[in-house]
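The values are calculated or read from the model by the stated rules, or taken from the named source; none is laboratory data. In this text, all values refer to a predicted model and were calculated from it rather than measured experimentally. FYI the Cβ positions are ideal-geometry reconstructions off the backbone, even for glycines, and counts take in every protein chain you see.
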């Protein structure tokens, strides 16, 4: 009998799926960046309803950020590193459970409130797309399994830092060992969580979640008033020719033609340049 | 000195009859789309009133515009970038749809399709957002001609600044029409509020635009604008605003609102601005000095030094000439009859207003009409008796300083007196001009501008230069808004109604399938394989993969 670790289902779930999901996710992200900058938005509905959003959105996003931080700490950073800085296993586990549960509660409360808002407020409901429904479903599964895994692991029965975490890091060096995921120590709930979230990553670029990739981190260092010439290239050429009037618009705006079919880009293409 | 050209507008409130033609033509051109039903790039308010959106002028509530911090440095009233990023999940200052209004249409089909019955069928109002029934509580221009003013007018934020008791008795009522568009400010707080840098001022003409491809739905521009003239398209999740009809302006044509104004009260022109001093001008300590500071930024286009620097800064010569003939420069700076809207917001707005004259409050003092006006002092005293309190106009147009309003009204009155002599064949009295601080020839030029108001005098709009910009040929026949769900399509041009399918998507799909709409005004462009933009926003059952050609500015 073939051990499950090298069986077809395990390979499919822990080797094929991650790479397919990452391939779809990353190429999808590039594709959308290049072709649909217009659709790249958070699609806020605050205009339509703000009372529930005021707390639910904040709680949800803060919880998500905490959860991401927790995953970085628990999955991306090797156990040996945290031990090297003097965090013992017990201390780590306490941190992980306390942080994980509070983040999970925040995410769940926020998510439920946002879902309630989305499906009971008629105005918000009409802005809901089919893709939104898909992504809400994937998020719900990811959140539920993540929370369940955290609660399940309160007694520290699964040392995922010696199984799930190394497996996850192996993916990025193209040597994933599925037996780490199918081993004795990994509870089913962890397996479900890991698998479910790959689907989320694959769907990510095609959904409203892409707004997470355009967090305006450069805003504080940008010049407050942005100037832009009608045609950045022509303006730069003119400045070069006449030695003055250099375009002093903010560098936060790429000077070249926008990759997404801005008027300037298309005109030049049409002129055969 | 760094010279830039800036488009501006002056509206002569003396001539506004509140017909809303500007609003309607603007709406038909720009915001007749799903997601923008509630949006009025141009609206006409009756003042006193709460305005659109409700109480937009009350910055203690909305935190729009700029203020000075304790050290006298200019900062956004709603807080700087870090504060904005901290509030990015929920903007505490964002108006709600109900602060504008829930847009509606009527269930007209009922009137035709109802079966015969004892009672007449009724067309019920339906929300254009949800399609559901609507109990209409508020609407665009709800306060037209002081409707409901007994209840609402007292909330007008402009009354807060007036010290003396406001007269609101029936016999004391007054009103002003106030048409509003985006101010295309020299120091726009919406641009500074945009975390993504999607909003920008165009170098060539100062028009403030939203890059639809860069907007990420953070919506701080909406709350950052003290005039609430950046709107949120709830369908696309992007900000949109008055774009000064830039496709028309680039072709040397006036904006749609100006072109269609039956009162011919809008003037368009270019002013040369010294951009090096913008921040200093917006940072003057006393609010009431902002008007002078802004006038000071406007450079004299006839000054050889300014012309030379303008050329050096890349402003085309015909633009500098246009600045010489600019009605905006003349009315704002030369004659000082036009005033900016709420300069105290420190945005240095570029849509200016000539305050309206109004009837004398008491007949006994109606000296102007009676011709018993030998004494200029009497005339100027009479201006104080006008029905619209000068303090009220001042709280709208000059940060509460009645001086500039009085000066403007004095000059308008002087112009009438002076020109009446000429028109009646009497001897001209140059002292009328000098009493108002002007030259007789200036009054005549002013008369030509505000009373005759020839098309060519009202609109001095230099065209854009193809040689320094991209060729416009390829854009011929296209419409200004090019993104998905762009614009109503002729032939399919029904206003978005209850549960209406998105007409633009349908038209594009039809064009794909070779069934172009019959009328050709909106030539649906050949799909460019390089710019196959998929619409990921199409709603339930919407056909993904319908392409539109490229992004656009709105």
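Considering the stretch A:154-163 alone, what residues qualify as being under 16 Å from residue A:95 (Cβ atoms) and part of a helix (DSSP H, G or I)?
Scanning the stretch A:154-163 gives A:160, A:161.
When you look at residue B:276, is it within 14 Å of chain A (Cβ to nearest Cβ), part of a loop (DSSP other than H, G, I, E, B) and modelled with pLDDT under 95, yes or no?
Here the answer is no, as residue B:276 does not meet what is asked.
Among the residues of the stretch A:106-123, are any in contact (Cβ under 8 Å) with a residue 60 or more places away in the chain and away from chain B (no Cβ under 14 Å)?
Yes; the residues of the stretch A:106-123 include at least one that is in contact (Cβ under 8 Å) with a residue 60 or more places away in the chain and away from chain B (no Cβ under 14 Å).
Is the stretch A:139-153 home to any residue that is away from every other protein chain (no Cβ under 14 Å), at pLDDT below 95, on the phi > 0 side of the Ramachandran plot and part of a loop (DSSP other than H, G, I, E, B)?
no
Can you find a residue that is at pLDDT 90 or above and either part of a helix (DSSP H, G or I) or within 14 Å of chain B (Cβ to nearest Cβ) (or both) anywhere in the stretch A:226-244?
yes
Could you check how many residues of the stretch B:221-245 are assigned to a loop (DSSP other than H, G, I, E, B) and more than 10 Å from chain A (Cβ to nearest Cβ)?
Residues that pass the stated criteria total 9.
To keep it simple, each residue is scored yes or no on (1) surrounded by 14 or more Cβ atoms within 10 Å (Cβ to Cβ); (2) in contact with a helix residue (DSSP H, G or I) (Cβ under 8 Å, 6 or more places away or on another chain); (3) more than 14 Å from chain B (Cβ to nearest Cβ).
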{"site": "A:9", "(1), (2), (3)": "no, no, yes"}
{"site": "A:35", "(1), (2), (3)": "yes, yes, no"}
{"site": "A:39", "(1), (2), (3)": "yes, yes, no"}
{"site": "A:44", "(1), (2), (3)": "yes, no, no"}
{"site": "A:52", "(1), (2), (3)": "yes, yes, no"}
{"site": "A:56", "(1), (2), (3)": "yes, yes, no"}
{"site": "A:62", "(1), (2), (3)": "yes, yes, no"}
{"site": "A:66", "(1), (2), (3)": "yes, yes, no"}
{"site": "A:76", "(1), (2), (3)": "no, yes, yes"}
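Take the residues in the stretch B:190-220 that are free of Cβ contacts under 8 Å to residues at least 60 places away in the same chain and part of a strand (DSSP E or B), then tell me which one is farthest from the other protein chains (Cβ to nearest Cβ).
Per the stated criteria, the residue is B:208.
Can you tell me which residue is farthest from the chain's Cα centre (by Cα) among those in the stretch B:83-139 that are facing chain A (nearest Cβ under 8 Å) and assigned to a helix (DSSP H, G or I)?
Out of the qualifying residues, it is B:85.
Could you tell me whether any residue of the stretch B:263-272 is within 14 Å of chain A (Cβ to nearest Cβ), touching a strand residue (DSSP E or B) at 6+ places or on another chain (Cβ under 8 Å) and in a helix (DSSP H, G or I)?
Looking through the stretch B:263-272, none of the residues is within 14 Å of chain A (Cβ to nearest Cβ), touching a strand residue (DSSP E or B) at 6+ places or on another chain (Cβ under 8 Å) and in a helix (DSSP H, G or I).
For the structure I just gave you, tell me whether residue B:444 is farther than 20 Å from residue B:322 by Cα and exposed (fewer than 14 other Cβ atoms within 10 Å of the Cβ).
No.
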